[in-house]
Amino acid sequence: MNSDFIQRELLGISAVWWREFKVFWREKSRIVSSFVQPMMWLFLFGSGIGASISVGDVNYRDYIYPGILTMSVIFGSVFFGLYIIWDRKLDVLKAVLIAPVTRISIFFGKVIGGCTDVLMQVLILFAFSFLFPSVNPWGIPLALLILLITSIALVSLGLALGSLLESLEGFQVISSFLIFPLFFLSGALFPVDERLPSWLQAMVKINPLSYTVDGVRGALLGIHTYPFYIDLGIITLFAGTMLALGSILFSRMK
Amino acid sequence: MAIIEIRSLTKTFGKIQAVRGIDLTIEKGEIFGLLGPNGAGKTTTIGMLCTIVRPTSGQCIIAGFDIAKHPTQVRRKVGIVFQDPTLDTILTGRENLQLHARLYGIPSSVRNLWIEEMLELVDLRERADDLTKTYSGGMKRRLELARGLLHRPAVLFLDEPTLGLDPQTRARTWEYIRKMAQKEETTVVLTTHYMEEAEAMCNRIGIIDAGRIIALDTPENMIDTMGGDIVAIAAPEPPLDKIRSLPYVSQVKKAGDTIEITMKSAHLHLAELLSLIPAIISVEMRKPTLSDVFIKLTGRDIQVDAIENGESWVDSIARYRQRGK
């Protein structure tokens, strides 16, 4: 019974993942916009501010490249998770939830599906890393690993919130009070050092995504505050917590 | 052989007792209709049988598995078509079936074969690779039927399978249901508002009202309990007592200028009956239908319910479309 059970659950997970992958490729406009927005941050915002500012001997546009990668992961992951509010409204999820597959497996299928989408977007951005002269291409695999773990955490967070929320109205609230603060307080756009007011320093320190930005920046630019094992440790802990929280809330979802 | 055995099944939502103790046995291969007014507990009952709703008390065995103790095994044995469409509109028809096949653990060696068979059965092969959002209402329903049967369930539950479809599409949908039930020897449990359709389709019918089954029989036997044919006569002063005393008359009802007489073998006794009533304006004779049984038992007209329900369904479609824009 056991190996049959595991096999069925794995097939279930792969089914949900397969569906998300199909949907990702079908919605071309989503792929395009997920690429255009970070590029605008880098070239319109980054070049603008970079005209008068540089960080150490790295120009500002290169400096925020790791931050914008993280931003892509934050928005892509959380919104992917929150999308189940929409799926539930349109009853798309109903047929999946009554299948003879445990809720946990459906949840994991969704998480893997979401991470795949987000990683594809990140890979597109990495393909353009040659436009940023300070970026060390050998750091990309480590950066990718850090972003993957972060994506696991945030897709789980999005699914957890999506399981709780009944309506799309909550979407705006989450966007304003969760996603934007997480992004701005991660050090994605500015260096975190003693020049910052102490309240801001404290808020950046308790934001787990600061360690993503620190790790990715360390891998790609060699600039970081913490050693990699600290960065990796904290975001892995964050991902584990979110996976647990998400699977509990998703299992209880009506 | 019994495929579904329900014993004292109940469901309470807060203070509301939606299902108040149902006992029912459904045989393998039956097409069983569960009829009842809105809010009678039909959808809740089906929900419990499909393991979506957890029963408050009671027991139910489907295909040898207890719905409370082995929900996963039960889920493998049943197929469901919901009242509202639940297709993945961003996938094609074939992809919807592929997703379902994987979720239900259909081995990859037969997956495509079974999918082709089902597409063939519901005449959707030519449109199989189009996105389901381009399908008509009838096509969506057919694909959902195909999906419900794809994993070869022992029991197929259909909750209002023809609600919101035009009469022609409804007739075709029933044809498919009958064809599929025969081919796969599937037991079908359905709810519907359309009495003529229930009468034509079902081997047996259970009428549910206020959370209880109040009648359970074949449609023919149910109609027989009405006590014969119905004759409606419009006349200003009918001699009601005289009519009631006739041996073959079982019931007389007066509504305004019209009296409705239920009588045995109306074709033999009609002449005598009419000779007793002065100044007849009109006479109408008909066989009773399941609707009459339903009104007699529940005191409500299910067709009126259907219209109300139909409207709300149309409303929800309108809202759905607006949201899509």
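Summary table
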quantity: Considering residues of region A:83-107 that are within 25 Å of residue A:169 (Cβ to Cβ) and in a loop (DSSP other than H, G, I, E, B) only, the residue farthest from the other protein chains (Cβ to nearest Cβ); calculated: A:83
quantity: Given (1) surrounded by fewer than 21 Cβ atoms within 10 Å (Cβ to Cβ); (2) at the interface with chain A (Cβ under 8 Å from one of its Cβ atoms), number of the condition residue B:53 does not satisfy; calculated: (2)
quantity: Residue satisfying all of: in region B:254-304; hydroxyl-bearing (Ser, Thr, Tyr) and outside any loop (DSSP other than H, G, I, E, B); nearest to the chain's Cα centre (by Cα) among these; calculated: B:291
quantity: Residue pairs meeting the criteria (Cβ under 8 Å; at least 6 apart or on separate chains; first closer than 20 Å to residue B:28 by Cα, in region B:200-221; second small (Gly, Ala, Ser) and in a helix (DSSP H, G or I)); calculated: B:205/B:198; B:219/B:198
quantity: Lone unmet requirement of (1) of a type in the set (Gly, Ala, Ser); (2) surrounded by fewer than 15 Cβ atoms within 10 Å (Cβ to Cβ); (3) within 14 Å of another protein chain (Cβ to nearest Cβ) for residue A:56; calculated: (3)
quantity: Residue identified as within 24 Å of the chain's Cα centre (by Cα), under 24 Å from residue B:137 (Cα atoms) and in contact (Cβ under 8 Å) with a residue 60 or more places away in the chain among B:82, B:32; calculated: B:82
quantity: Unmet criterion (only one of (1) in contact with a Leu (Cβ under 8 Å, 6 or more places away or on another chain); (2) surrounded by 17 or more Cβ atoms within 10 Å (Cβ to Cβ); (3) in a helix (DSSP H, G or I)) for residue A:186; calculated: (3)
quantity: Test result for residue A:159, touching a Gly at 6+ places or on another chain (Cβ under 7 Å) and part of a helix (DSSP H, G or I); calculated: yes
quantity: Leading residue by the ranking (farthest from residue B:149 (Cα to Cα)) among those in region B:95-118 that are more than 11 Å from every other protein chain (Cβ to nearest Cβ) and surrounded by fewer than 21 Cβ atoms within 10 Å (Cβ to Cβ); calculated: B:109
quantity: Selection from region A:156-173 of residues that are surrounded by 13 or more Cβ atoms within 10 Å (Cβ to Cβ) and farther than 22 Å from residue A:240 by Cβ; calculated: A:165, A:170, A:171
quantity: Within region B:56-70, tally of residues that are crowded, with 22+ Cβ neighbours inside 10 Å and among the aliphatic types (A, V, I, L, M); calculated: 2
quantity: Residue B:68 vs. criteria over 24 Å from residue A:93 (Cβ atoms) and more than 10 Å from every other protein chain (Cβ to nearest Cβ); calculated: no
quantity: Number of positions in region B:85-135 that are free of Cβ contacts under 8 Å to residues at least 12 places away in the same chain, touching a helix residue (DSSP H, G or I) at 6+ places or on another chain (Cβ under 8 Å) and not basic (Lys, Arg); calculated: 3
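Residue-by-condition table, conditions (1) in contact (Cβ under 8 Å) with a residue 40 or more places away in the chain; (2) not in a helix (DSSP H, G or I):
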| position | (1), (2) |
| --- | --- |
| A:171 | yes, no |
| A:177 | no, no |
| A:191 | yes, yes |
| A:202 | no, no |
| A:214 | no, no |
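A short reminder: the numbers here are calculations on the coordinates, not readings from a lab. Predicted model only: the values in this text are computed from it and were never measured. Positions of Cβ are generated from backbone atoms using ideal geometry, with glycine treated the same way; all protein chains shown enter the neighbour counts.
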